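Structure, as structure tokens:
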Amino acid sequence: MSADVIKIGGKASRFLDKVKGILPDNGNLDLCLTCGMCSSGCPATGLAGLDPRKFLRMAVLGLDDEILKTKWAWMCTMCQRCIYVCPMKIDIPQLIFNVRNAWPRAERPKGILGSCDFALKTEGCSAMGATSEDFDFVVNDVLEEYQEAQPEFKDMQAPIDKQGAEFFLNQNSREPVTEPDEMVPLWKILHLAGVSWTYGSKGWGGENYCLFLADNDGWKHIVQTATDQTHQLGCRTYLNTE
Amino acid sequence: MKVKFTVQDPCQIVRKSYGDPIAEDLRFVVKSVVGEENFVDMAPNRSNNYCCGGGGGFLQSGHYEERRLYGRLKDEQIKATGADYCIAGCHNCHAQIHDLSEHYKGHYGVVHLWTLLCLSLGILGPNEREYLKDDLKDVRVFHPESAM
């Protein structure tokens, strides 16, 4: 017998209730068979002394305070492999998202927080804080350089806000900010394929750290900015390179 | 040249969005580019693949040690294929696996798919080869005179 018996209070778990509310197909978290398929195939198993099964049991037992003391929710990548192998299709990543959301915003990991805030401050929604003016400059500077150095591609384009393009293409900030030449291979492929595409002056950033931060308003703002611009330009398809 | 490649199935594109059919599309493109005989799959793969540990904001979370422990499984999977390169079609995967290759000293390359597409088409210039190793750095260079 263990000396430390866990006392279960009568209060309902906030996390459990939240996740129950969004389960599809009349799913039920109580259906967890504790088989361990989730944990045995989870790369985060063992980090911070936890694994998906333990984490779910904590929620089922209403141990909300203990859940908020561990940083494990920031070590799960919400990759959904646990759902894929779960015989009852229990959505542990959604539980993780709600736990992240329950952290006071300012106490969430600084790097993720900073990237989200940069995106919210720039009209391009760039997690690295690149302005649309700088983005425009870099894209056109690199394009001109390649049109000249590689004459086979003298007609290649990398348009920003081209009305009526078929595809709205987003762009991870990493390339324009730190390695602009890496943007070119994709431009070449699109050019050779005869694809009509455009970047946008608004919502061009491909990354969405507000999603990872579990900042619902910020996440929505970024998605909204990109989709509004896509509609504005009359593009039929939003092409996500992330 | 006998250069071998494996591919990371991005969780977001495969398991979380389009499932196994797009993993097949990815393999069709990869095999067309590198040659079927030069492609080795990791195990497990497709929708059953392990996340590399670059997703969900882990790269920016500040938990470096845990992120690399998480990624050890991916690193071992890649090493087991014996591949010289891991193709990563996702930015987060690319950054994470590149870090794993250095940290766990596997020294396999980590390349974007667009790099290999352009290399196979003979249109990859000298300044677009940041992620190619010595074995491919000088292969079929497009306009070598434009090297910076």
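None of the figures in this text is laboratory data; all of them are computed from the coordinates on show. Computed from a prediction, not measured in an experiment: that's the story for all the values here. Note: ideal-geometry Cβ built from the backbone for every residue, glycine included; neighbour counts use all protein chains shown.
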(message) Rg over Rh of chain B, using C-alpha atoms and the Kirkwood radius, what does it come to?
(response) 0.97
(message) Sorting check: for A:132-141, B:48-57, which peptide has the highest mean count of neighbouring beta carbons within 10 Å, and how do the rest follow?
(response) B:48-57, A:132-141
(request) Would you mind checking which residues have amide H under 5 Å from A:Tyr238's amide H? H placed 1.01 Å from N; only 5 or more apart, or other chain. (result) A:Phe168
(request) Give me a single rounded figure for B:45-55: the average over its residues of other chain Cβ atoms within 10 Å of their Cβ. (result) 4
(request) Counting only trypsin sites (Lys or Arg not before Pro) that are in a DSSP loop and have at most 13 other C-beta atoms within 10 Å, tell me the longest site-free stretch of chain B. (result) B:3-104
(request) Tell me which residues come under 5 Å, amide H to amide H, from B:Gly109 once H is placed; ignore anything under 5 positions away on its chain. (result) B:Tyr85, B:Cys86
(request) Putting +1 on Lys and Arg Cβ atoms and -1 on Asp and Glu Cβ atoms, find which of A:Pro43, A:Leu95, A:Gly62 reaches farthest to the positive end of the dipole of the range A:41-106. (result) A:Pro43
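If packing is taken as the average count of other Cβ atoms within 10 Å, what order do B:115-123, A:78-86 fall into, highest mean first? Write down the numbers at each step before the final one.
Working: B:115-123: 19.1, A:78-86: 22.4.
By packing density, highest mean first, the sequence is A:78-86, B:115-123.
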(request) Report, to the nearest 10°, how far helix B:20-34 tilts away from the longest principal axis of the Cα atoms in chain B, using its own Cα long axis and a range of 0 to 90°. (result) 30
(request) Give me the angle, in degrees from 0 to 90, between the Cα long axis of helix B:64-81 and the longest principal axis of the Cα atoms of chain B, rounded to the nearest 10. (result) 60
(request) List nothing, just return the count: lysine pairs in the range A:110-239, 8 or more apart or interchain, with Cα separation under 30 Å. (result) 14
(request) Fewest Cβ neighbours within 10 Å first, please rank B:Tyr64, B:Tyr85, A:Tyr238 accordingly. (result) B:Tyr64, A:Tyr238, B:Tyr85
(request) Could you tell me, in Å, what Rg and Dmax come out for the Cα atoms of chain A? (result) 22.6, 79
(message) To make sure I understand the rule: partners must be lysines, Cα under 19 Å from the Cα of A:Lys54, and not fewer than 8 residues away in the same chain. Which ones qualify?
(response) A:Lys7, A:Lys18, A:Lys20, A:Lys69, A:Lys71, A:Lys89
(message) Looking only at Cβ-Cβ distances, which cysteines of the protein assembly as shown have no other cysteine closer than 4.7 Å?
(response) A:Cys32, A:Cys35, A:Cys42, A:Cys76, A:Cys86, A:Cys125, A:Cys235, B:Cys52, B:Cys86, B:Cys118
